[in-house]
Each structure stands twice: as structure tokens, then as C-alpha cells.
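Each remark here refers to the structure printed beneath this line.
The values are calculated or read from the model by the stated rules, or taken from the named source; none is laboratory data. Since we're looking at a predicted model, the values are computed, not measured. Quick reminder, even Gly has a Cβ in these numbers, built from the backbone with ideal geometry, and neighbours come from all protein chains shown. What goes into the accessible areas is simple: the full protein's heavy atoms, side chains included, and nothing from ligands, DNA or RNA. Shrake-Rupley method; radii C 1.70, N 1.55, O 1.52, S 1.80 Å.
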Amino acid sequence: MKTTVTMTAAILVAATGVASAQERVLNVYNWSDYIAEDTIAKFEEQFGVKVNYDVYDSNEVLEARLFAGNTGFDVVVPTSDFLRRQIGAGIYQPLDKSKLPNLANMDAGLMANAAAYDADNTHAVVYMWGTTGIGYNAGKIAEILGQDAPTDSWSLVFDPEIVSQLAECGVSLLDAPTEMLPAAMNYLGLDPRSTDRADFEAGAELLESVRPHIRYFHSSQYITDLANGDTCVAVGWSGDVFQAQARAAEAENGVEIAYVIPKEGALQWFDMMAIPVDAPNPDLAHEFINFVMDAQITADITNYVWYANANAASMPLVDPEITSDPGIFPTEEAKARLWGAEVYDSRTDRIVNRLWTQVKTGQ
Amino acid sequence: MAHAAARPKGSVSDVREHPSMTMRDRISGALGRRLVIGTPFLWLLIFFLVPFGIVFLVSLGAPEFGVPPYSPAFEWDGGVPRFVGSFDNYIFLTEDDLYWIAYLGSVKIALGATLLCLLVAYPMAYMIARAEPGMRNILLMLVILPFWTSSLLRIYALMGMLRQGGFINSALMGLGITDAPIQMMQTDFAVYLTIVFTYLPLMVLPLYSTLEKLDGSLLEAAADLGANSFQTFWTVTLPLSLPGILAGCLLVFIPAVGEFVIPDLMGAQDSPMIGNVLWGEFTRNRDWPVASAVAIAMLALLVIPFMLLRNTSALRD
Amino acid sequence: MTAPIIRLRNVVKTFGDFTAVDDLSLDIDAGELFCLLGGSGSGKSTLLRMLAGFESPDSGTIEIDGKDMRGVDPADRPVNMMFQSYALFPHMTVAENVGYGLRRMGLAKAEVATQVAEMLRLVKLEALAQRKPHQLSGGQRQRVALARALARKPKVLLLDEPLSALDKKLREDTQFELMNIFDATGTTFIVVTHDQEEAMVLATRIAVMDAGKFVQVDTPRQLYEFPKTRFVADFIGNINLLEATVTGPGRSEGLAALHCEALGAVEAACDGEVPPAGAHVWLAVRPEKIALSTDTAAPGYDAVVDDLGYRGGDTQYRLRTASGAALKVTKPNTERQGQRPVDWDTPVRIAFAPEAALVLRQ
């Protein structure tokens, strides 16, 4: 029914689009399942424009399209470390901050963190942020490992002793080398931001030692599998694990999913809104970014996708269940152990990816 | 007899005998013919040769930060193109076993899946070809019908069947045949099954079209000359359906070698296919030149054996 | 003579509502060249296919060489078939085609080669052994098919329209070649054909078939000279069929006196009893048995030449009798010069001996 309504709306929009050729069009390219249901409709209504909203599910896909050029996108949402490289390639235009009064709503501390990837937040503002931690099936883990299972530690996936016991139940890792290798290095007591080849190799060795017990490496499949109880442990992105949790609750299948930022620390990442240099409609793009930074709009999105935002003004409007969840908004203590992704040069990229292939395939 | 012999050059005199056919008609006729013959060539040129050339040129460049993310193989030097690319990317491919292993792995999986496809499709095609004409159309329809839905949709449907808590495992456990779910996803089995499932119509249709044309009296002749049904099949039906087998195998094998969606979604991690490696080069490493070199090398490794095969079979006939 | 090589008893075969073969019984002796002659749908091909084993009768029995063929596969029958389309295996050479049946018998390679060579010699195709069927002419293919069917030395060779795919000239030559091969092998041949001339030339005995039944089974000469029915008379060769009424016995034994609308009072031979006076019959007389004279005083009946066709060897006339009935007459052109065909509209006299004409009751 919903689809029908949306389709009818789309047809109506298309029809009016034909009627008024002057109508402004905004092209947004964002992650899948990453916006509140009504955000786009509200923007269209308020500004009298039409929005083409398209989605992707990996930074690599976004980047390949951006590098190919002439994408026609006005607003894209890359993750911080990808953003930094892309800024280096001259893909983004500087933001005109005079058109972004809602910047005042933003959390100064988090924006400063994001500025590590984009000096003075020149090109982008934070959309949502999150961590790369562990999602697990609480019931199954307790059943297999007992009550004192190390659910607060990376040893759940990096200790062969423990992983081997969980293999039958199903363990998955993200197919994201720049997140998995640093996590392994961190577990070994190495600097997760190191670009030393030896450190990468040590991380890869650790991952190879657990590989026989890993069911698969994938960056979205785990949502469904965790929710269905097909797998028990997944390294995943905070919001995605919460999505799995919500699905399981909705299905009332007795599966209880929890998300943890392990005590050893975790990767903190920022998804950033930016405007490509060749955006057809940069003015409207600024208006959209400013619109999203509205306290209520951002709160709506967080309430829907269960990812943390960096909008201080929105906090009172966010569901307390979310703000109080340390998996989404970590405690100060946990925050201290988060690290940001290092941006690699292309040689390091190749080393990381080659080691990753070795981890996955044994080749 | 006499007047029949007087007009030996039929077509030429025909044109002369039709005063209504003007010079322009004749020219446009020739042009039309050329267009008809030229269209497939044009199609090939635009959609195969030109992209192939572009990919080849990219493979000679080096990765760069920028749009596009590679350096060109040629520079314009005062209006004259100067070659500045290199074949380093191809040399690089030979230095890392990964590419060779992935290529062999892809060929192995594609060959295995093609063979399985053939084994499943042949009896199907045979039965359809032997069915009553009315029934035949219904059966053909059933084979083609899945083709009308997105292959991704069909792959996800299979995932629903194969996963731990999926239909097959639930049924097996419900019936008490197994105690614990069988691991089917992320195995080579799942990849083979999905490729066979996805590409089956491509195998059935050419097989059907050759089997349907098979002269029934040849089978009777074989039986009459003392062949049992197996001998008839082995000595007559099978050799005469070879063109269909070859066409079907090519139609399945070629796309299966380059397949990357199926191994990505269903496959075990330790058997990467060349398509996944290529995808990784393109996205993760942002190395378009190496990705292009992988693509060109894959094409060359696929095409050359087939050209050799074609030549030997041409020699034999 | 020993037992017949083929014995049919009350064989019936239907396809849905259509009765293809209707209660047939027949014996064929070893060494016969037997023709099944009939139009399409007469059941001749169905009968042949039942002998080969491709169809099985609904009821009745088929015995070949003294054995009941019920449930016996085509592969296990002592017969082989030459198909109308030849059904040569296109992917095999001539030698491989001919050797196909031999290999199925489990013969050694060398033995197969010897026998193949022998068969190819028989059909004069030694030079083409390594050709593929598509590289052969129609006549050559026909001979390959023949050699292949004969290679297993069957007790009975079944030939389905063996000459129909050849052009007329080649067909005549091939007819005689086929007879030579028949003589050389001594095998029983059963030939299905729709061509009555072919049947006449080839056969020792012909079964004329119509609507799934045998109308008459006889030697070619008997069929031609003593047809039992108008159907046979008309089917085999050309004939004039005139309605007549019996007026009594003729002047000598075996003759009947008739009154014929077309000609008046005539006498004709009867096959068997002379029908009673008043019986409604047909007068059958072959065109070449009628004498034609331009001498209007000659004995016989008056007629006028309506049309004529010069055919080289003979001339065919279409005449109109005094009563307006049409009549066909052929006259051989025995001389090269002098003799000229009788012209259109010429009044002529026609005559035939009573023994040359036949009374048909049905």
C-alpha cells in the first residue's frame, strides 16, 4: 500500500515536473536505509522542489562514481576517511557557510573530531556518526560460552579459542579491510592508526588464525542473518546492528541482539555531507544540508535509523532510549578509547587490500 | 529452349527491362543492403570494440588521484599523440599469484557449473522437444519465465532457501532428517547451484532448438539397425545435438567466468573468482588501470582458447 | 516351398478414430519382391512400419520367419528398412553409415570393414566411402541407404518409397539396379510405393491397398489384364470403363453379351461365371487394345477424334462415340514416316476383340 502511495506521488511529482519546467531539482546520493521516512517529503514541500534520492551501500561504489566524473549529484555522504582522499582529488567544493546558519546547532567537539579529515570543516558537515563494534545474539552466546562470556571484548571474534566455539553458530566479519585490520592491530596492542607494513601483517596474521571459524566476510548480509538467528556474532556498524535488533524484536522470533563497543576500543567514523564540484544545483544543495542540520529533522533521522548525530541542538528531541544507549552514544570513558580512521596513500591501500585478500582466501 | 538461352544474365537484364527503376532506386537499394549488413558491425564497433579500446588504453596508464583516477596512455605533444603508458600493469599481474589463482578458480567453477547445467538441461530439453506441441509451449514458457524476473531477485530467493534457518534446513530438521542446520551458504555448492539455477535457460534453449530439429527417422533408423536406446542416444542424438551443446556451453560458460555477484553473495571466501578480484581492484584499490588489465587479460585468456578450438574444428570438417 | 517368411493374420491398427490398417491377412514367401501399392492414407506405410516394429498392431498377429513379432523391438527383428528420406546419419561417412548396423552386432573392426567394402561394391560406391552424406547426389544417397539396410543381411528388406526422391530418368535406371541387387542378394524385398508403374516394373507380386484393406493381391500381369474391380482397373494403367447391362451369354465360352449405352451391343470376357441377364456391370477395355481405323467401312463402332496427344512412342486419342460417350485409345507409332496421326474431328471406326475387353461386376 505504501508503495502504491509513493508511486502515485512519484507520478504526480513527475507530472508537475513536466508542467513547470522551471522547477528546481536536487539530486541526493546517500547510504541505503539512512534517512527518516519523511525527511525528503518535508524538504520537497518546504522548498517547492523535487528530490531525486538515490542510494548506495559502500564507500567504494560512491567513490568509483565520483572518480568517473559527471555524476550529477548535488549532495553525497562519504565516510570521513574516504572524504579526505576525495578532497585531495579535488572532488568537492568548499561550503559557503553563510548559507548554513544551522551550523550553530552542531556539536563543536564532534565537528572538531571530523575536522581531522577536512581542515576547518571546509567541505563537509557531519551527517551521522557511529562505531564499528560487535553485534551478538545474547541468548546463544550465553548458551555456548556461559554467563561470563567476554561479550565486552574483541576476544569474542579475535581469540581463536573462543571463536572456534562460536563457529558452528556463525561468526561474520565486515568485508572492510580498512576497518578490520586496524581493529585486529588494536587488539594486539598495536596502534590502530599505524601505517607500518609489519603492523598490518601482524593484524592479518591474527585474522588468518581465526579465519577457519568465520562463516563469511560481508558488510550488509549480517543484518538479516543476526536478526534471523542464522549467525551469532557479527562485527558490524552500530546502526546496522540496531536495525537487526529491531527486526528481531519485530519478528518476535526470540532472538535478542546486542551491540557492544568493546573495551579495547573501536573505530569511530563520521558520514559527511558534501557537495561535488560539478553539482548541478549547489545553492539547493546548501539549502538541503542546512535543512538536515535543523534540530528536529536530525532528531527525526536519529530516531529512525538509530545512529548518533553530531547536532547538539537536536539532543533534547532524540528518544531517550537512544541517547542513553552506550552503544550509540558511548560513555566518556568509552569515547576515550575510540579511534578515527587513518587515511592511507595508495601504496598502503594496496598493501592493506592485498593482505585482506590473503586473510579471506588464504592466497 | 532458344529464348531461355538468350538471357543468361538474369539480374542485369532484369534491371534494364524495368524502365521504372531509376538510378536513384538502385543506389538506395545498394545503400539499404549495406545498411543491413553494416548494422551488426556498427553495433559491434560501438558497443564492443570502442569500449574494449578504451579499457585497453586505461590499462596502459597509472592510477592517480583525480577525475578520472588514472593517467592517460597518450599525451598530446604539439598535436601529435605521444605514448607515455606502459605495460607495467600486465607485468604486475604476473608477479602476484592471486590473479592466476583467481582466474583458474573462475574457470574451474565456470566449467563445473557449465557441465552441471548441461547435465540438468539436456534431459529437460530432450523431454520438451519430445512433448506434444501444445505441452511443448507450456514447458518452454516455464523454462523462460524465471528469466523475466531480475536475476538478483532469484539469487535472494535461493538465499532464503539455503540459509541456516531457511526453507530447506527447516524442512530437513522438521522431518527429523538432520538435527542441526546444514551449512549451505558460503560454500562452493551454493555457487554452483546458483549459477546452474540462474543460467539454466541459456542452456536449455539452444539444446531444445537442436533437439527439436532432430529428424525422428534417424532414431528409427538406428533402432532398425540394431541399436538399443542408449546406443541410439550415444551414436546419433548426442553427436547431432553437439551444435546446441556447444552453443549452450558457451552461453553459460562465458558469463559464468566473469560472474561476481553470485560468488560475492553465496561463495566461500577462499575461492575468489576473477570477477571479484577485478571488482576489488576497481573499488577498494581504486586502481582502474590494474582493473582494466585484469579485464583485458581475462578476455584474452578466454578468447584465445576458443579461437584455437574454432580453428581446429574448422580444420577437421 | 517352406513356410511363408511373413504371415499376417487379422492385423488391425487404428490412430484415434482413423483405421489405418483394417483386418489384413497375407502371406509373403521368401524370395518375393512384394509391392504394397496405394494412395496416401491407404495404410501401406503403416503396414510397413508394423513389420519394422515402429508401430504395433492393435490386434492380430505378425509373424516373420515363423516367429511372432509381438513385443519384439525393431533392433531385434530380422528385417531392415530403407527409409523414404533415407535417414542417413549426417555426421557419419558413407562407410560409417553402412557399417552402423554391423558395429551394433559386435563384429570385429576388420570384419566390419570387409563387409562394408562388400556392400559398397554391391551398390558401386567404393570410391565415395569417406564422403559425408551432404557431399553426395540424391542417387548416391539412395544407394548408401540401400547398402546400409542390406549390410546386416536381413531376411526381409523393407523399402519405403525407395525411388520417390529421384527424378524420373534416374528413377528408371535405379529400378533396374534395384532389381539386380534383389537378384544378387536373394533377400525378400517389400516395397511400399504409390507409383503403379514402379510397382509393375519391380514386383513379383503387388497388393493394391485402399482404405486399410487389400483390394487385390496378384502378379503385375494379372492385375493389369484381369483386374477384379473398377478401382484396381483404374488404379493400374489407363482404362475405359463403360456402364453396361448383361443381355445374355456370348457367342463362345466365357463371353457375355452386353448392351452398352456408349457403343450399343458388345461382347466381353468374364472372369469366372457369366453374370445373369439384366445384371448391371462395367465394360473395361484398355486403350491400347482398341483398334482405330480411318476406313469408315471397317467393322466396329463410329466415333470422332475429339483431341489427340502425340507422345513420341505412341499417340493418345480422345474419341467421342456416336452416343456422345468419351473413349481413350492409344496407338503405337511404329513407323517413322508415312504414318500420320489421325487429325481432329476425323470420323473413325473403332473395334476390339471380345477377349480384350473385360466385364467387371464391381
Limited to the stretch A:308-333, what total is found for residues that are charged (D, E, K, R) and in contact with a helix residue (DSSP H, G or I) (Cβ under 7 Å, 6 or more places away or on another chain)?
1
Looking only at residues in the stretch A:315-328 that are of a type outside the set (Val, Ile, Thr) and assigned to a helix (DSSP H, G or I), which one is farthest from the other protein chains (Cβ to nearest Cβ)?
A:316
Do we find that residue C:132 is surrounded by 15 or more Cβ atoms within 10 Å (Cβ to Cβ), in the same structural domain as residue C:170 (by TED's automatic domain parsing) and in contact with a strand residue (DSSP E or B) (Cβ under 7 Å, 6 or more places away or on another chain) in this structure?
no
Subset of the stretch A:254-279, residues open to solvent by 20 Å² or more (accessible area, probe 1.4 Å), outside any strand (DSSP E or B) and touching a Ser or Thr at 6+ places or on another chain (Cβ under 8 Å), comes to A:261, A:263, A:264, A:278
Going residue by residue through the stretch C:196-213, is there one that turns out to be open to solvent by 10 Å² or more (accessible area, probe 1.4 Å), among the acidic types (Asp, Glu) and in the same structural domain as residue C:45 (by TED's automatic domain parsing)?
yes
Hey, could you check the stretch C:310-328 for residues that are out of contact with any Phe, Trp or Tyr (no Cβ under 8 Å at 6 or more places or on another chain) and of a type in the set (A, V, I, L, M) and say which is most open to solvent (accessible area, probe 1.4 Å)?
C:326
Across the stretch C:112-127, what is the number of residues that are small (Gly, Ala, Ser) and touching a Gly at 6+ places or on another chain (Cβ under 8 Å)?
1
With the first residue restricted to the stretch B:286-301 and required to be closer than 19 Å to residue B:84 by Cα and among the polar types (S, T, N, Q), and the second required to be assigned to a helix (DSSP H, G or I) and open to solvent by less than 20 Å² (accessible area, probe 1.4 Å), Cβ contacts under 8 Å at 6 or more apart or on different chains are B:292/B:58; B:292/B:59; B:292/B:89
Name the single residue that is farthest from residue B:258 (Cα to Cα) among those in the stretch B:86-100 being part of a helix (DSSP H, G or I) and free of Cβ contacts under 8 Å to residues at least 60 places away in the same chain.
B:88
For residue C:155, are the conditions met, namely being of a type in the set (D, E, K, R), touching an Asp or Glu at 6+ places or on another chain (Cβ under 7 Å) and open to solvent by 10 Å² or more (accessible area, probe 1.4 Å)?
yes
Within the stretch A:329-363, considering residues that are farther than 15 Å from residue A:193 by Cβ and of a type in the set (Lys, Arg), the one farthest from the other protein chains (Cβ to nearest Cβ):
A:335
If you go through the stretch B:255-262 one residue at a time, do you hit one that is within 14 Å of chain A (Cβ to nearest Cβ) and touching a residue at least 40 places away in the same chain (Cβ under 8 Å)?
yes
What is the one condition in (1) more than 10 Å from chain B (Cβ to nearest Cβ); (2) open to solvent by 10 Å² or more (accessible area, probe 1.4 Å); (3) under 30 Å from residue C:22 (Cα atoms); (4) aliphatic (A, V, I, L, M) that residue C:51 does not satisfy?
(2)
Within the stretch C:31-63, restricting to residues that are in a helix (DSSP H, G or I) and among the hydroxyl-bearing types (Ser, Thr, Tyr), the one that is farthest from residue C:161 (Cα to Cα) is C:46
Does residue A:292 satisfy being in contact (Cβ under 8 Å) with a residue 60 or more places away in the chain and within 21 Å of the chain's Cα centre (by Cα)?
yes
When you look at residue C:308, is it modelled with pLDDT of 90 or more, on the phi < 0 side of the Ramachandran plot and either within 31 Å of the chain's Cα centre (by Cα) or not in a strand (DSSP E or B) (or both), yes or no?
no
Tally up the residues in the stretch C:89-101 that are crowded, with 24+ Cβ neighbours inside 10 Å and facing chain B (nearest Cβ under 8 Å), please.
2
List the pairs whose first member sits in the stretch C:269-283 and is not assigned by TED's automatic domain parsing to the domain that holds residue C:228, whose second member is open to solvent by 50 Å² or more (accessible area, probe 1.4 Å) and acidic (Asp, Glu), and whose Cβ atoms are under 7 Å apart, counting only residues at least 6 apart or on separate chains?
C:269/C:355; C:282/C:243
Considering residues that are at the interface with chain B (Cβ under 10 Å from one of its Cβ atoms), closer than 16 Å to residue A:30 by Cα and without any contact (Cβ under 8 Å) to a residue 60 or more places away in the chain, the number found within the stretch A:58-81 is 6
Exactly one of C:256, C:303, C:284 is surrounded by 12 or more Cβ atoms within 10 Å (Cβ to Cβ), within 26 Å of the chain's Cα centre (by Cα) and part of a strand (DSSP E or B), and that one is C:284
Filter the stretch B:53-85 down to residues that are within 11 Å of another protein chain (Cβ to nearest Cβ) and touching a residue at least 60 places away in the same chain (Cβ under 8 Å), then give me how many there are.
5
Could you say which residue among C:294, C:346, C:334 is modelled with pLDDT under 90, hydroxyl-bearing (Ser, Thr, Tyr) and more than 20 Å from residue C:263 (Cα to Cα)?
C:334
Of the residues C:222, C:140, which single one is open to solvent by 20 Å² or more (accessible area, probe 1.4 Å), outside any strand (DSSP E or B), within 30 Å of residue C:357 (Cβ to Cβ) and not aromatic (Phe, Trp, Tyr)?
C:222
For the stretch C:61-88, enumerate the residues that are over 20 Å from residue B:228 (Cβ atoms), more than 9 Å from chain B (Cβ to nearest Cβ) and surrounded by fewer than 17 Cβ atoms within 10 Å (Cβ to Cβ).
C:61, C:66, C:68
Residue B:162 passes all but one of the listed conditions (1) at pLDDT below 90; (2) over 22 Å from residue B:256 (Cα atoms); (3) open to solvent by less than 40 Å² (accessible area, probe 1.4 Å); the exception is number (2)
Can you tell me which residues in the stretch A:163-201 are more than 12 Å from chain B (Cβ to nearest Cβ), touching a His at 6+ places or on another chain (Cβ under 9 Å) and open to solvent by less than 20 Å² (accessible area, probe 1.4 Å)?
A:163, A:166, A:174
Subset of the stretch C:259-281 [open to solvent by 70 Å² or more (accessible area, probe 1.4 Å), assigned to a loop (DSSP other than H, G, I, E, B) and among the hydrophobic types (A, V, I, L, M, F, W, C)]
C:277
